[in-house]
Amino acid sequence: MQHQRVLILDFGGQYNQLIARRVRELNVFCDLLPSDMSIEKIKEYNPIGIIFTGGPNSVYDENSPKIDKEIFSLGIPVLGICYGCQLMAHMLGGTVEKASTSEYGKAEVEYVSSHITKDMPKTAVCWMSHTDRITVLPEGFKMLAHSAHCPYAAFGDEEKKLYGVQFHPEVNHTFMGTTILKNFLYSVCGAAGDWTMSNFVANKIKELKEKIGDKKVLCAMSGGVDSAVAATLVHKAVGDQLVCVFVDHGLLRKYEADEVMKVFAEGLGMNLIKADDGAIFLEKLKGVSDPEKKRKIIGEQFIRSFEKQSKAIGKVDFLVQGTIYPDVIESGKGKSAVIKSHHNVGGLPSVVDFKEIVEPLRDLFKDEVRKVGFELGLPKNVVMRQPFPGPGLAIRIMGEVTEEKLETLRDSDYILREEIAKAGLDDKIWQYFTVITNSKTVGVQGDFRTYENVIAIRAVTSLDAMTADWARIPYDVLETISTRIVNEVKHANRIVYDITSKPPSTIEWE
Ligand code: XMP
């Protein structure tokens with residue numbers, strides 16, 4: 001079943017993915033595609049509505065992105081946001097003025113009643129971020145909101161269903177901004193709200209069944225959310241025709257390998273092969289302290305381990321990958337982002353003989369992937385799993401990786417995770433783990449002098465891992481963690497808390 005679609009044309013603004021997520025949250029499917037999409041392609045796409053995003057340009061810049069004017073006469077509703085609304089006003093004969101000062105931050109607007117301002121309060125706060133402003137509206141348009149510095153904070157031609165907002169309805173700082181988006185989608189575009197994760201699951205399973213038929217499918221499973229959800233969807237569709245390979249490199253967290261086997265092999269009955277190659281990885285890492293060398297050794301051995309297993313499986317027709325929508329957008333290639341997706345599993349396709357890649361999650365944002373995970377009945381510890389790097393604990397042990405250090409790290413990390421969960425902070429912190437710092441200090445435990453590892457706690461808040469801030473964990477929680485680690489974990493006698501943001505640090509220590 002084909003669902004309704006909204007087309008979001010990307011003019012380069014910083015909140016563009018957020019607009020798309022908001023539209024999806026309102027149960028309407030949308031795609032974020034480059035603004036230079038041709039008018040023929042736009043018609044072919046057949047959207048129920050079009051949204052122009054913001055962008056860094058001024059409509060007067062020589063190279064600023066434009067759009068074919070025909071778009072305004074297709075009879076498809078258009079909502080322009082920030083740069084998008086200025087472009088609309090400019091192209092339809094209004095006046096956009098180059099302002100000498102920018103309006104940035106919260107502003108109070110007064111709304112006038114219309115289809116898109118339905119249910120909005122008379123006045124409310126919104127989030128502005130612009131330099132140019134519209135001073136004369138195109139013919140047929142009327143003012144729908146204004147602020148002290150912005151005579152046309154929102155405007156529209158209700159008959160032609162063309163609307164513009166100078167502020168950002170997609171950000172949380174705009175009070176009831178989602179209502180404006182909802183009004184546009186439902187009252188103006190006539191959305192049916194047919195994009196739900198239960199629909200997605202049912203449709204995707206049907207589609208996968210048709211595509212795969214009786215062929216063989218292979219999936220490299222890491223236990224991470226994306227590969228877990230992708231594999232589960234394929235498994236629901238074709239059962240035992242799917243073979244998953246899980247390489248246990250011995251650098252996983254405490255109980256992690258067992259949990260993966262328990263959930264997927266025992267619980268879901270998946271055909272899951274576990275390659276127990278921890279000893280090989282450790283042997284290869286012997287004497288290696290350089291972080292880049294560690295990563296390289298692990299990456300290469302991972303491919304060798306996978307290769308060995310897949311040779312036994314033989315030729316497969318499809319390879320499953322957990323590519324998600326942000327990967328597709330970032331590759332800048334819209335729907336044909338094959339190159340980037342090949343890299344997602346660390347070069348695996350070149351060692352596996354397969355005909356085609358299956359990417360069941362390539363239309364979904366991370367929060368949608370998680371919803372699908374719950375929809376499929378996966379447990380919370382899989383669906384809400386924090387990001388975990390491919391090289392695993394090896395890059396959380398400064399210096400050489402040894403069995404003894406791995407044990408200390410696993411035990412301390414487990415305590416940290418338990419206490420963070422107990423304090424109800426697990427949903428609020430992006431990533432949290434312990435690190436073996438490669439420095440030893442003197443301590444006293446009982447009546448004895450000790451000379452043991454300094455363990456660091458790393459916990460950060462973040463939206464996308466590109467930037468991060470250290471998490472303000474309450475002192476009493478830190479105290480419990482520290483006390484438990486030095487008392488319960490071997491070879492640890494001092495705990496420190498990493499209070500650096502990214503940048504200048506990174507989230508991981510190596
Ligand atoms: P950094 O340390 O660069 O990490 O701030 C950003 C995010 O990426 C994760 N990370 C990795 N993930 N393979 C991965 O799959 C890797 O080699 C790797 N290195 C870092 C890190 O955990 C954080 O979420």
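Identify, from the list Phe175, Phe167, the residue that is open to solvent by less than 10 Å² (accessible area, probe 1.4 Å) and assigned to a loop (DSSP other than H, G, I, E, B).
Phe167
Does Ile481 meet the test of being surrounded by 20 or more Cβ atoms within 10 Å (Cβ to Cβ) and away from the ligand (no atom under 16 Å from the Cβ)?
Spelling it out, Ile481 is indeed surrounded by 20 or more Cβ atoms within 10 Å (Cβ to Cβ) and away from the ligand (no atom under 16 Å from the Cβ).
Collect the residues in region 411-429 that are open to solvent by 50 Å² or more (accessible area, probe 1.4 Å), under 16 Å from Ala456 (Cα atoms) and away from the ligand (no atom under 16 Å from the Cβ), keeping them in residue-number order.
Across region 411-429, the qualifying residue is only Tyr414.
Please verify whether region 497-507 includes one or more residues that are open to solvent by 70 Å² or more (accessible area, probe 1.4 Å) and either away from the ligand (no atom under 16 Å from the Cβ) or more than 34 Å from the chain's Cα centre (by Cα) (or both).
Within region 497-507, not a single residue is open to solvent by 70 Å² or more (accessible area, probe 1.4 Å) and either away from the ligand (no atom under 16 Å from the Cβ) or more than 34 Å from the chain's Cα centre (by Cα) (or both).
Is there any pair linking a residue in region 65-81 that is among the aromatic types (Phe, Trp, Tyr) to one that is in a loop (DSSP other than H, G, I, E, B) and at pLDDT 95 or above, with Cβ under 9 Å and at least six apart or on different chains, and which?
Matching pairs, first to second residue: Phe72/Leu92; Phe72/Lys160.
Among (1) more than 14 Å from the ligand (Cβ to nearest atom); (2) within 21 Å of Asp276 (Cα to Cα); (3) modelled with pLDDT of 80 or more, there is one condition Ile297 misses while meeting the rest; what is its number?
Only one criterion is unmet by Ile297, namely (1).
Are there any pairs, at least 6 apart or on different chains, whose C-beta atoms fall under 8 Å, with the first in region 459-488 and under 28 Å from Phe448 (Cβ atoms) and the second open to solvent by 20 Å² or more (accessible area, probe 1.4 Å) and at pLDDT below 95, and if so, which?
As it stands, the answer is Val486/Gln445, since those pairs meet every condition given.
Can you tell me which residue among Gly250, Gly223 is outside any helix (DSSP H, G or I), modelled with pLDDT under 95 and either touching a helix residue (DSSP H, G or I) at 6+ places or on another chain (Cβ under 6 Å) or open to solvent by 20 Å² or more (accessible area, probe 1.4 Å) (or both)?
On the way: Gly250 fails: modelled with pLDDT under 95.
Exactly one residue qualifies, and that residue is Gly223.
If you take the residues of region 280-302 that are part of a helix (DSSP H, G or I) and open to solvent by less than 30 Å² (accessible area, probe 1.4 Å), which of them is farthest from Arg362 (Cα to Cα)?
That would be Leu285.
List the residue pairs whose Cβ atoms are under 6 Å apart, where the first residue sits in region 287-302 and is touching a residue at least 24 places away in the same chain (Cβ under 8 Å), the second is assigned to a helix (DSSP H, G or I) and surrounded by fewer than 13 Cβ atoms within 10 Å (Cβ to Cβ), and the two are 6 or more positions apart or on different chains.
Listed pairs, sorted by first residue: none to list.
Just name the residue that is most open to solvent (accessible area, probe 1.4 Å) out of those in region 130-158 that are in a loop (DSSP other than H, G, I, E, B) and of a type in the set (D, E, K, R).
The extreme case among them is Glu139.
Inside region 348-461, counting only strands (runs of 3 or more DSSP E) that do not spill past its ends, which hold 1 or more residues that are under 26 Å from Arg472 (Cα atoms) and under 24 Å from the mean Cα position of the chain (by Cα)?
In region 348-461, 431-445, 448-461 are the strands (runs of 3 or more DSSP E) which contain 1 or more residues that are under 26 Å from Arg472 (Cα atoms) and under 24 Å from the mean Cα position of the chain (by Cα).
Would you pick out the residues in region 375-401 that are away from the ligand (no atom under 15 Å from the Cβ) and touching a residue at least 40 places away in the same chain (Cβ under 8 Å)?
Scanning region 375-401 gives Glu375, Leu376, Leu378, Pro379, Asn381, Val382, Val383, Gly399, Glu400.
One residue is enough: does region 219-228 have a residue meeting the conditions among the aliphatic types (A, V, I, L, M), under 17 Å from Ile303 (Cα atoms) and touching a strand residue (DSSP E or B) at 6+ places or on another chain (Cβ under 8 Å)? Step through it out loud before you land on a result.
Keep residues of region 219-228 that are among the aliphatic types (A, V, I, L, M), which gives 220-221, 225, 228.
Then keep just the ones that are under 17 Å from Ile303 (Cα atoms); that gives 220-221.
After this cut, where a residue has to be touching a strand residue (DSSP E or B) at 6+ places or on another chain (Cβ under 8 Å) as well, the list is 220-221.
The answer is yes; a qualifying residue exists.
State all residues of region 14-51 that are over 19 Å from Leu162 (Cβ atoms), open to solvent by 20 Å² or more (accessible area, probe 1.4 Å) and not in a helix (DSSP H, G or I); if no residue qualifies, say none.
Those that are over 19 Å from Leu162 (Cβ atoms), open to solvent by 20 Å² or more (accessible area, probe 1.4 Å) and not in a helix (DSSP H, G or I): Gln14, Tyr15, Leu26, Asn27, Leu33, Pro34, Asp36, Ser38.
Quickly run through region 430-477 and pick out the residues that are among the β-branched types (Val, Ile, Thr), modelled with pLDDT of 95 or more, within 16 Å of the ligand (Cβ to nearest atom) and surrounded by fewer than 17 Cβ atoms within 10 Å (Cβ to Cβ).
Within region 430-477, just Thr461 meets the criteria.
The values are calculated or read from the model by the stated rules, or taken from the named source; none is laboratory data. Note that the coordinates shown come from a computational prediction; the quantities given were computed from them, not determined experimentally. Note that we place each Cβ from the backbone using ideal geometry, even for glycine, and neighbour counts take in every protein chain shown. Quick note on the areas: whole protein, heavy atoms, side chains included, nothing else; ligands and nucleic acids left out. Shrake-Rupley method; radii C 1.70, N 1.55, O 1.52, S 1.80 Å.
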